[in-house]
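> Next up is a structure, given as structure tokens.
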Amino acid sequence: MICLGVDPGLSRVGIALGQDSLAIALETTPVEICLDRIFDLAREKHAVRIYFGLPLSLAGTETESTRNAVELAQRLAGVVDIPLFLVDERLTSSLSSKLAMNAGKSTRESKRFVDAEAARLIIESAIASNHRLGVRLEEYLAR
């Protein structure tokens with residue numbers, strides 16, 4: 001199964017690709033063009049599912065970032081015709097920042113690395129759960 005992972009942010013969005021048991025960080029793109037880029041990648045790679053990071057607080061509650069991410073996910077759902085699953089992404093950015101530091105990335109390099117790497121971690125979690133992770137966007141919105 002080919003899937004995309006998306007780590008939403010206010011200014012940048014990380015994108016990763018997953019296939020079978022492999023997940024790779026692809027790129028970080030400005031939020032202003034991310035919908036077009038994700039649409040193009042989903043079509044080009046024949047993705048059948050998108051895992052979209054849901055930035056909850058450490059206590060598991062919604063924040064302004066959560067609301068911004070859900071709004072972006074809704075906009076994405078309007079342009080792609082594949083299932084979109086929201087995935088709790090707590091600590092993915094923190095872990096990817098540590099990975100960047102361990103890899104010797106400069107602060108400037110790590111900004112681009114961290115977002116795409118966080119998207120990769122989202123996909124890895126989905127793969128580890130046999131693609132049972134997350135909640136469909138429609139179900140989340142219906143709550």
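> Per-residue HN-Hα couplings for the range 115-130, Karplus 6.51 cos²θ - 1.76 cosθ + 1.60 at θ = phi - 60°, whole Hz, x for Gly and Pro?
Computed from phi, the couplings for the range 115-130 are 5, 5, 5, 4, 5, 5, 5, 4, 5, 4, 5, 5, 5, 4, 8, 6 Hz.
> Another one. I need the calculated FRET efficiency for the pair Asp40 and Ser65, taking r as the beta carbon distance and R₀ as 30 Å, to the nearest 0.05.
Efficiency, rounded to the nearest 0.05: 0.75.
> While we're looking at this one, here's another question. Would you kindly derive the ³J(HN,Hα) couplings of the range 67-75 from the backbone phi angles with the Karplus curve 6.51 cos²θ - 1.76 cosθ + 1.60 (θ = phi - 60°), listing them in order in whole Hz, with x for Gly and Pro?
4, 5, 5, 5, 4, 5, 4, 5, 5
> Check which residues have an amide H placed less than 5 Å from Ile82's amide H, if you skip close sequence neighbours.
none
> Taking H as built 1.01 Å from N, whose amide H comes closer than 5 Å to the amide H of Val13, not counting residues under 5 places away?
Under 5 Å from the amide H of Val13: Thr29, Val31.
> Quick one: 3J(HN,Hα) in Hz for the range 37-47, Karplus 6.51/-1.76/1.60 with θ = phi - 60°, rounded, Gly and Pro as x.
Once rounded to whole Hz, the list reads 5, 5, 4, 4, 5, 4, 5, 4, 8, 6, 5.
> Taking amide H positions as placed 1.01 Å from N in the peptide plane, with prolines and chain starts having none, which residues 5 or more places from Leu56, or on another chain, fall under 5 Å of its amide H?
So Leu56 has HN proximity to Glu89, Arg90.
FYI, it's all coordinate maths here, none of it is from the lab. Keep in mind it's a predicted model, so treat the numbers as computed, not measured. Here Cβ is always computed from backbone atoms with ideal geometry, including for glycine, and neighbour counts include all displayed protein chains.
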